[in-house]
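Only the coordinates and a few stated rules stand behind these numbers; no lab work does. Just so it is clear, the structure is predicted and the values come from calculations on it, not from any experiment. As a convention, Cβ positions derive from the backbone with ideal geometry for all residues, glycine included, and neighbour counts pool all protein chains shown.
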Amino acid sequence: MKNNREKTSNLFYNLAKNGIGLVCFILLFANAINTQAQAQNLSYWISGNSGLYTGGEELDDAIVIGTDINVGWKHNLWTIQMNYAPDYILKDNRDFELYEYSGLYGYQKHFSDGRFYVATGLSYYDLKRNNSSRTAPLIFSNVENTVEKSMEDYAKFGVPIKIGIITHLSKRIAIGSAYFANINSNKSYFGYQVSLQFGLFSY
């Protein structure tokens, strides 16, 4: 019994010792990456966005939410973004859920407490039928004028544009605001969004 207790005690001791060593290694490795990133003027961050957009159709203002993954180096900015709009009404009065996936490249200008940026690129559309639309009465009232179209009839690509400003609260947290647009043959739209951002910011 005594030997078993000693073995158990030694096991926990070794696990604790190895765990502390692993944590120290991870912290040193992360610090080395952060130091190198700061020296190279490299920033990377994730943002959560929320805003309104308009496309000049039946809905004047509709909600869009999204997330971005960003990498900035000197004056260069690379962004991967995903936007979701629960009500995306096309010109034939059909309502969809919009999933937009975009890759953007842009220019960023640093100032004392933040950065200004402008970016554009290419976006891919995934349109899904909206079965819980808040605009259902509008659609059903126009059904006699609606021509049925398959999902393949809608465009799959667009050109996203984004112009914004980021204010650094610290090296890890920032807030942002941006005007955004997407030019496409389904329904071009533009809007405004605010964001909360987490990552490593060099400035």
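Things worth noting here:
- Linear extension gain, Lys128 paired with Phe116, 0.36 nm per residue minus alpha-carbon span: 0.9 nm
- Approximating the spin labels as points 7 Å out from Cα along Cα→Cβ, the Leu196-to-Thr67 distance works out to 1.4 nm.
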